[in-house]
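> Before I ask anything, let me first share the structure, which is written out below as structure tokens.
The values are calculated or read from the model by the stated rules, or taken from the named source; none is laboratory data. As the structure is a computational prediction, the values presented were derived from the model and not from experiment. Cβ placement follows ideal geometry from the backbone for every residue including glycine, while neighbour counts extend to all protein chains displayed. Please note that ligands, DNA and RNA were not included when accessible areas were found on the heavy atoms of the full protein model with its side chains. Shrake-Rupley method; radii C 1.70, N 1.55, O 1.52, S 1.80 Å.
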Amino acid sequence: MLKKILEINNLMVNYGQVKAVKNISFEVNKGEIVSILGSNGAGKTSTLFGIMNVVKNKGRIKFKGINISNIPTYKRVKSGLILCPENRRVFYELSVEENLKMGAFIRGNIKKNLKKVYDLFPKLYDRKKQNAGSLSGGEQQMLAIGRSLMGDPELFMLDEPSLGLAPIITDEIFNILLKLKKEGISILLVEQNAIKSLEISDRAYILENGKIIQSENAKELLNNKKIKKAYIGM
Ligand code: ATP
């Protein structure tokens, strides 16, 4: 059985003179939750954008053992690599259900996956005809996650899913991630909420100024005093 679902080698993302991601290498094994932690501007979003090929990037990206470095974004999605972007980016003028259906535009069975998403997020079912713009922040985040799940991710990447949410909603969302892991979905989580992410992660990488400065078992990082002080704010 193939162990690594994602292998990144020397990924680089530049915006003109700004070197956002500097030759980083890391991997996600099948069935793992892996976190990338780091402060504002460390390069977390750019790393995910590079993996999805929505920004110019260099390096080698292997997904399910296949080199996808030169294939366009929609083909990456089609193969099961799916990103839930920062700030939810739901379509405000569309209904909840229309938003969800958009998630299956490239990949995924609409009927089967709608049922799956509504089972996971009953609140979305209750509000399925409402415009997404009328939902609370937490509900919009659930909708963004639900929309991604409509595409049957094999590797699900999430950019700051806890941003701006109350702790109780964050807990709800992180519990959903654990449920998805149990279903066999591999997860790459980018977060500023280091403690919460480490609690649900198997491993984590710390990104600083576009470089990985540490990679470790999540529980060890949680107990590392130096790391706690510098990155977890304790
Ligand atoms: P945040 O948590 O604030 O989103 P991040 O860790 O995700 O931070 P990135 O958004 O990847 O970091 O940004 C990394 C660096 O690249 C920062 O210095 C940022 O200012 C710069 N950057 C990001 N996007 C662009 C862009 N479109 N053009 C120019 N510079 C950019």
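> I'd like to verify a number: residues in segment 152-184 that are open to solvent by less than 20 Å² (accessible area, probe 1.4 Å) and either β-branched (Val, Ile, Thr) or within 16 Å of the ligand (Cβ to nearest atom) (or both), how many?
First pass over segment 152-184, keeping only residues open to solvent by less than 20 Å² (accessible area, probe 1.4 Å): 153, 155-162, 170, 173-174, 176-177, 180.
Now drop any that are not either β-branched (Val, Ile, Thr) or within 16 Å of the ligand (Cβ to nearest atom) (or both), which leaves 157-162, 170, 173, 176.
Residues in segment 152-184 being open to solvent by less than 20 Å² (accessible area, probe 1.4 Å) and either β-branched (Val, Ile, Thr) or within 16 Å of the ligand (Cβ to nearest atom) (or both): 9 in total.
> Same structure again: Restricting to segment 102-151, what's the tally of residues that are under 28 Å from Val34 (Cβ atoms), assigned to a loop (DSSP other than H, G, I, E, B) and open to solvent by less than 40 Å² (accessible area, probe 1.4 Å)?
6
> Checking Lys19 against (1) within 15 Å of the ligand (Cβ to nearest atom); (2) within 26 Å of Leu177 (Cα to Cα); (3) not aliphatic (A, V, I, L, M), which single condition isn't satisfied?
The single condition Lys19 does not satisfy is (2).
> Take residues that are within 19 Å of Ser69 (Cα to Cα) and tell me which of the strands (runs of 3 or more DSSP E) falling wholly in segment 1-48 contain 1 or more. Explain how you work it out, then say what you get.
Details: elements: 4-15, 18-29, 33-37.
Once the strands (runs of 3 or more DSSP E) in segment 1-48 are filtered for at least 1 residues that are within 19 Å of Ser69 (Cα to Cα), what remains is 4-15, 18-29.
> Does Asn67 meet the test of being free of Cβ contacts under 8 Å to residues at least 40 places away in the same chain and in contact with a Pro (Cβ under 8 Å, 6 or more places away or on another chain)? Quick ask: steps written out before the conclusion?
Details: free of Cβ contacts under 8 Å to residues at least 40 places away in the same chain: yes; in contact with a Pro (Cβ under 8 Å, 6 or more places away or on another chain): no.
So Asn67 fails the test.
> Have a look at Ala218, Ala204 and point out the one that is open to solvent by less than 10 Å² (accessible area, probe 1.4 Å) and over 21 Å from Met52 (Cβ atoms). Break it down into steps so the answer makes sense when it comes.
Working: Ala204 fails: over 21 Å from Met52 (Cβ atoms).
It is Ala218.
> Show the residue pairs meeting these rules: Cβ distance below 7 Å; 6+ apart or different chains; first residue within segment 99-116 and at positive phi; second residue crowded, with 17+ Cβ neighbours inside 10 Å.
Between residues of segment 99-116 that are at positive phi and residues that are crowded, with 17+ Cβ neighbours inside 10 Å, the close pairs are Gly108/Met150; Gly108/Gly151; Gly108/Asp152.
> Go through (1) closer than 24 Å to Lys181 by Cβ; (2) within 16 Å of the ligand (Cβ to nearest atom) one by one and return the number of the condition Ile66 breaks.
(2)
> Please enumerate the residues belonging to segment 22-42 that are near the ligand (Cβ under 9 Å from one of its atoms) and under 14 Å from the mean Cα position of the chain (by Cα). If you could, list the steps in order and put the result at the bottom.
To start, the set of residues in segment 22-42 that are near the ligand (Cβ under 9 Å from one of its atoms) comprises 36, 38-42.
Once the filter is applied, which keeps residues that are near the ligand (Cβ under 9 Å from one of its atoms) and under 14 Å from the mean Cα position of the chain (by Cα), segment 22-42 yields only Ile36.
> Of the residues in segment 9-27, how many are surrounded by 15 or more Cβ atoms within 10 Å (Cβ to Cβ) and over 12 Å from Thr47 (Cβ atoms)?
Keep residues of segment 9-27 that are surrounded by 15 or more Cβ atoms within 10 Å (Cβ to Cβ), which gives 9, 11-14, 19-22, 24, 26-27.
Checking which are over 12 Å from Thr47 (Cβ atoms) leaves us with 9, 14, 19, 27.
Number of matching residues: 4.
> Going by what's in this entry, would Arg89 be described as open to solvent by less than 20 Å² (accessible area, probe 1.4 Å) and more than 23 Å from Ala204 (Cα to Cα)? Walk me through it before giving the result.
Numbers: open to solvent by less than 20 Å² (accessible area, probe 1.4 Å): no; more than 23 Å from Ala204 (Cα to Cα): yes.
Taking the combined requirement at face value, the residue does not satisfy it.
> Further, regarding this structure: Here is a check on your reading of the model: is Arg60 out of contact with any Phe, Trp or Tyr (no Cβ under 8 Å at 6 or more places or on another chain), assigned to a strand (DSSP E or B) and open to solvent by 40 Å² or more (accessible area, probe 1.4 Å)?
Yes: the conditions hold for Arg60.
> Do we find a residue being open to solvent by 20 Å² or more (accessible area, probe 1.4 Å) and more than 15 Å from Glu208 (Cβ to Cβ) anywhere in segment 40-53?
The initial filter retains those residues of segment 40-53 that are open to solvent by 20 Å² or more (accessible area, probe 1.4 Å), namely 40-41, 45, 49, 53.
Now narrow it down to the ones that are more than 15 Å from Glu208 (Cβ to Cβ): 49, 53.
Checked segment 40-53: at least one residue is open to solvent by 20 Å² or more (accessible area, probe 1.4 Å) and more than 15 Å from Glu208 (Cβ to Cβ).
> OK, next. Going by the structure shown, is Val77 open to solvent by 10 Å² or more (accessible area, probe 1.4 Å), farther than 14 Å from Gly210 by Cα and within 16 Å of the ligand (Cβ to nearest atom)?
Numbers: open to solvent by 10 Å² or more (accessible area, probe 1.4 Å): yes; farther than 14 Å from Gly210 by Cα: yes; within 16 Å of the ligand (Cβ to nearest atom): no.
So Val77 fails the test.
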